[in-house]
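The structure appears right after this line, and notes come after that.
The values are calculated or read from the model by the stated rules, or taken from the named source; none is laboratory data. Fair warning: this is a prediction, and the values are worked out from it, not measured in the lab. Glycine also receives a Cβ, built like all others from the backbone with ideal geometry; neighbour counts cover every protein chain displayed. These accessible areas exclude ligands, DNA and RNA; they are computed on the full protein's heavy atoms, side chains included. Shrake-Rupley method; radii C 1.70, N 1.55, O 1.52, S 1.80 Å.
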Amino acid sequence: KAVVSTQSTGTLNTIVECHELLKEPEMEEIARDDIITMDKKLQSSYSEIQTEIIDSLLPSGNEIFLEVRMAAGGVESSMFASELLRTYEMVAVSRGFQWTMLEEDARGDVGIARAIASVSGTDVLGMFQFEAGVHRVQRVPFNDTRTHTSTAVVIVTNKPEDVKIDINEDDLEISYMRASGPGGQFVQRTMSKCRIVHKPTGISVTNQTSRLAQDNKKECIKKLFAILLKQELDETLSDTEQTKKSQAKQGDRSDKIRTYNYKSGVITDHRYKVEVAGIPDYFSDPEGFSELHGKVSTVWQLQQLAQIADQISSEKSKKSGQTSS
């Protein structure tokens, strides 16, 4: 920031000098050309400063835990929580992030009470930071004719880099079995499904996404690693719990950060006074999510710049008052 600021100051001083040269007839043409050139450089410097300020304010993180919980509204809340979770998974995959489901407490066929995923990739925190908080949905449930208002809670926490987990293979009980569900006769007849039990903790993980047993074993170990890491963080990091409490609040409808109103088809972000139309696109198309995220991010950036400008103005006023006194 200091380098760019110094360059801008030097450019501004040069423009002032050129304006002085305009008073000399023999230097007028040269001075005008220099002013035009320097003005362009100054505008470029301003743009660089703004970009660097925003970059410095954006929270950075390449590994996060993303948790979704049902809140007020019973069955409808659990269904809404599941829809949010699947949307985040869709967005993560479309962006090339690694998505690993750690826990998922299902409610019925389509809902969840609580789910936690580990998500990693370049600047993944920047993609999901605005999702943290209470989400409210207003719609007519499939089993009713009246509009219901329900909520779900989203919690986003960064993974600290200094926490390490070592998995000893002697502590693992590994077994293979026939996979179930779709996949053809090859998958169902081979012992490709893998289950790993971590003997010291009793944690059990399974995977059958691949036709190859060794690939499923690798995925199981990844899941186990992420679960053990999450447990370690929950036990040792009090600030993580504080972040959760701040984001979750009570999960009440009045705590909302965002409303999904199906009657109007509009999603409203109450923090930044942003609205987008097209709820189906939001839940089914990564571009629908990106549209809202982009608008929210833009407003947030403008707010941050305005706060910085106010701080600078306040500091200048204080210095001016001290000088005059």
* Using only protein heavy atoms and a 1.4 Å probe, report how much of residue 127 is accessible, in Å² to the nearest 10. => 20
* Solvent-accessible area of residue 259 with every protein chain in place, 1.4 Å probe, in Å² to the nearest 10 -> 10
* Report the trypsin sites (Lys or Arg not before Pro) located in the stretch 58-137 that are in a DSSP loop and have at most 10 other Cβ atoms inside 10 Å of their Cβ, or state none. => none
* Determine the order of 256, 273, 230, 218 by accessible area, beginning with the largest, at a probe radius of 1.4 Å. => 273, 218, 256, 230
* Asked: Using the alpha-carbon centroid of each, what span in Å lies between the stretch 63-134 and the stretch 258-291?
  -> 17
* Asked: Relative contact order (percent) for the stretch 67-117, with alpha-carbon contacts under 8 angstrom and 6 or more residues of separation?
  -> 45
* Over 22 Å between C-alpha atoms is what I'm after, so list which of 193/230; 199/230; 159/273 land there. => 193/230; 159/273
* Considering only protein heavy atoms and a 1.4 Å probe, what is the carbon-and-sulfur percentage of the accessible area of the stretch 74-119? -> 48
* Structure fact -> Taking 203, 167 and ranking on accessible area (1.4 Å, protein atoms only), highest first, one gets 167, 203
* Asked: What net charge do the residues around residue 293 carry, taking every other residue with its C-beta under 15 Å from that of residue 293, with Lys and Arg at +1 and Asp and Glu at -1?
  -> -4
* Asked: Would you list 285, 109 from the most to the least accessible area, probe 1.4 Å?
  -> 109, 285
* Asked: So how exposed is residue 171, as accessible area in Å² (1.4 Å probe, rounded to 10)?
  -> 50
* **Loop-located chymotrypsin sites (Phe, Trp or Tyr not before Pro) in the stretch 88-149 whose Cβ has at most 16 other Cβ within 10 Å (DSSP)** => 142
